[in-house]
Amino acid sequence: MKIGVLGTGLMGKEVARDLVNSEGIQEIGLADIDLQRAQNICYQLQSPIMTAYQVNAKNEDELANFMCRFDVVVNALFYTFNEQVAKTGMKVGTSVVDLGGHIDHITDKVMKLDGEARAANVTIIPDLGVAPGMINILSGLWCQ
């Protein structure tokens, strides 16, 4: 599987670290507006399957050109990008996971894209941060 990561802040770096140590990953693209920052993380993680990209997520063409290379993109950008990243994923045929953002009803806006996502044959998973998100998944597994 080919996975892109948007954003190289604390969350994006840890997502990349987890992916490097996961099975079945053939390629990881790490994107940030600051190419040097993405390159530094690639250097720190020392993985031959990881490549740094410079992407301005406010530029729809740059965002689409990055996202279309991957099966899934993990959006670790600020929550205000969640809706645009989801819409771009549908446009280019790439599934998207974001780390959340219940502020300003952003998650609600992304959830309303379900029909369009299904029509585009992509999966959009919003709000898979820590809480809610990962805590909900772990709680569900514990209950089983």
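Overview of values
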| quantity | calculated |
| --- | --- |
| Test set (1) in contact with a Gly (Cβ under 8 Å, 6 or more places away or on another chain); (2) within 29 Å of residue 137 (Cα to Cα) - residue 84 fails condition number | (1) |
| Test for residue 109: is it part of a loop (DSSP other than H, G, I, E, B), free of Cβ contacts under 8 Å to residues at least 60 places away in the same chain and basic (Lys, Arg) | no |
| All positions within the stretch 90-106 that are in a loop (DSSP other than H, G, I, E, B) and surrounded by 14 or more Cβ atoms within 10 Å (Cβ to Cβ) | 94, 99, 100, 101 |
| Members of the stretch 21-44 found to be in a helix (DSSP H, G or I) and either in contact with a His (Cβ under 6 Å, 6 or more places away or on another chain) or surrounded by fewer than 17 Cβ atoms within 10 Å (Cβ to Cβ) (or both), listed by number | 35, 36, 40, 43, 44 |
| First in the stretch 87-104 and free of Cβ contacts under 8 Å to residues at least 60 places away in the same chain and of a type in the set (S, T, N, Q), second anywhere and assigned to a loop (DSSP other than H, G, I, E, B) and surrounded by fewer than 22 Cβ atoms within 10 Å (Cβ to Cβ), Cβ under 6 Å, 6 or more apart | 95/122; 95/123 |
| Odd one out for residue 87 among (1) surrounded by 14 or more Cβ atoms within 10 Å (Cβ to Cβ); (2) farther than 13 Å from residue 12 by Cβ; (3) at pLDDT 95 or above; (4) over 15 Å from the mean Cα position of the chain (by Cα) | (4) |
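The values are calculated or read from the model by the stated rules, or taken from the named source; none is laboratory data. Everything numeric here is computed off the predicted structure, so don't read it as measured data. Using ideal geometry, Cβ is built from the backbone for each residue, glycine included, and neighbour counts are taken over all protein chains shown.
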